[in-house]
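One structure is given here, and the rest of the page talks about it.
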Amino acid sequence: MKIIMLGAPGAGKGTQAQMICDKYNIPHISTGDLFRSNIKNGTELGKKAKEYMDKGQLVPDELTVELLLDRVAKEDCKDGYVLDGFPRTIPQADVLDKELTKLSDKIDFAINVEVPDENIVRRMSGRRACLKCGATYHIEHIPPKQEGICDRCGSELVQRDDDKPETVQNRLSVYHEQTQPLITYYNGKNILKTVDGTKDMNDVFEDIVKILG
């Protein structure tokens with residue numbers, strides 16, 4: 001089964017992707033990891049990607065899809081894979097679709113983890129992190145024993161810039177503009193499945209398992 005995960009930043013799609021991979025024993029493929037491993041191993045595709053990244057430019061969609069196809073051709077992907085973080089735009093989805101069709105292949109499911117914006121802002125702006133030992137907390141769901149202090153090492157907890165409400169709102173705006181149209185795109189291909197991401201993560205996962213069958 002070939003699966004694409006959709007959902008706003010903070011919707012929990014990465015967690016669900018990992019749970020799907022563990023249950024069905026298929027690889028979790030993120031484009032960020034793909035770039036890093038190809039650059040680290042000095043592959044031809046990695047060198048090409050690095051040229052763009054070194055100039056501060058975005059890696060072209062065609063090259064990203066080439067990296068992706070190279071990865072999904074590997075033996076561990078024969079039973080399927082989960083794509084997380086790609087495609088992000090309709091042009092990327094189009095390129096991926098065309099290239100998979102050439103290989104007589106296709107995506108089976110696009111799973112949309114749906115969470116309203118206000119829940120995401122609350123969820124993400126409640127996160128706190130310890131910069132010293134890396135422990136993470138949430139002021140509502142996993143609060144530290146003492147407010148603002150790490151249980152593990154006693155250091156001060158901070159709110160990362162990424163988790164500040166205005167930053168989260170900004171990321172959500174980009175998502176609605178660029179990535180949300182993919183929901184209509186995959187719905188048109190009859191492979192879109194939507195789950196309620198506001199539920200407990202294990203209940204969300206159960207809903208996904210029912211869809212995958």
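How do the strands (runs of 3 or more DSSP E) wholly within the stretch 86-192 filter down when requiring 1 or more residues that are surrounded by 13 or more Cβ atoms within 10 Å (Cβ to Cβ) and of a type in the set (F, W, Y): which remain?
Per the criteria, 109-114, 136-138.
Considering T64, T31, which residue is under 25 Å from V113 (Cα atoms), open to solvent by less than 90 Å² (accessible area, probe 1.4 Å), at pLDDT below 90 and in contact with a helix residue (DSSP H, G or I) (Cβ under 7 Å, 6 or more places away or on another chain)?
T31
For the stretch 98-117, which positions are touching a helix residue (DSSP H, G or I) at 6+ places or on another chain (Cβ under 7 Å) and over 19 Å from C77 (Cα atoms)?
Within the stretch 98-117, N112, V113, D117 qualify.
Which residues, taken from the stretch 5-44, are within 10 Å of the chain's Cα centre (by Cα), closer than 15 Å to F205 by Cα and hydrophobic (A, V, I, L, M, F, W, C)?
Once the filter is applied, which keeps residues that are within 10 Å of the chain's Cα centre (by Cα), closer than 15 Å to F205 by Cα and hydrophobic (A, V, I, L, M, F, W, C), the stretch 5-44 yields M5, L6, A11, A17.
Just checking, does the stretch 135-156 include any residue being in contact (Cβ under 8 Å) with a residue 24 or more places away in the chain, touching an Asp or Glu at 6+ places or on another chain (Cβ under 9 Å) and among the aliphatic types (A, V, I, L, M)?
no
Please go through the stretch 76-85 and pick out each residue that is at pLDDT 90 or above and open to solvent by less than 30 Å² (accessible area, probe 1.4 Å).
C77, G80, Y81, V82, L83 - these are the residues of the stretch 76-85 that are at pLDDT 90 or above and open to solvent by less than 30 Å² (accessible area, probe 1.4 Å).
Does the stretch 185-194 contain any residue that is closer than 28 Å to I4 by Cα, touching a helix residue (DSSP H, G or I) at 6+ places or on another chain (Cβ under 7 Å) and among the β-branched types (V, I, T)?
From the stretch 185-194, those closer than 28 Å to I4 by Cα are 185-194; that's our starting set.
Now drop any that are not touching a helix residue (DSSP H, G or I) at 6+ places or on another chain (Cβ under 7 Å), which leaves 185, 192-193.
So of that shortlist, the ones also among the β-branched types (V, I, T) come out as none.
No, the stretch 185-194 contains no residue that is closer than 28 Å to I4 by Cα, touching a helix residue (DSSP H, G or I) at 6+ places or on another chain (Cβ under 7 Å) and among the β-branched types (V, I, T).
Specify which of the listed residues (L58, L34) is part of a helix (DSSP H, G or I), without any contact (Cβ under 8 Å) to a residue 40 or more places away in the chain and either under 20 Å from A93 (Cβ atoms) or β-branched (V, I, T) (or both).
It is L34.
Taking the stretch 148-191, which residues are farther than 18 Å from G12 by Cβ and of a type in the set (D, E)?
Across the stretch 148-191, the qualifying residues are D151, E156, D161, E166, E177.
With (1) open to solvent by less than 20 Å² (accessible area, probe 1.4 Å); (2) small (G, A, S); (3) more than 29 Å from D162 (Cα to Cα); (4) more than 19 Å from the chain's Cα centre (by Cα) as the list, and A73 as the residue in question, which single condition is left unmet?
Going through the list (1) open to solvent by less than 20 Å² (accessible area, probe 1.4 Å); (2) small (G, A, S); (3) more than 29 Å from D162 (Cα to Cα); (4) more than 19 Å from the chain's Cα centre (by Cα), A73 breaks only (1).
If V115 passes every condition in (1) out of contact with any strand residue (DSSP E or B) (no Cβ under 7 Å at 6 or more places or on another chain); (2) aliphatic (A, V, I, L, M); (3) without any contact (Cβ under 8 Å) to a residue 60 or more places away in the chain but one, which one does it miss?
For V115, the failing item is (3).
The values are calculated or read from the model by the stated rules, or taken from the named source; none is laboratory data. Here the structure is a predicted model, which means the values were calculated and not measured. Quick reminder, even Gly has a Cβ in these numbers, built from the backbone with ideal geometry, and neighbours come from all protein chains shown. Each accessible area value is taken on the protein alone, full model and side chains, heavy atoms only, with ligands, DNA and RNA left out. Shrake-Rupley method; radii C 1.70, N 1.55, O 1.52, S 1.80 Å.
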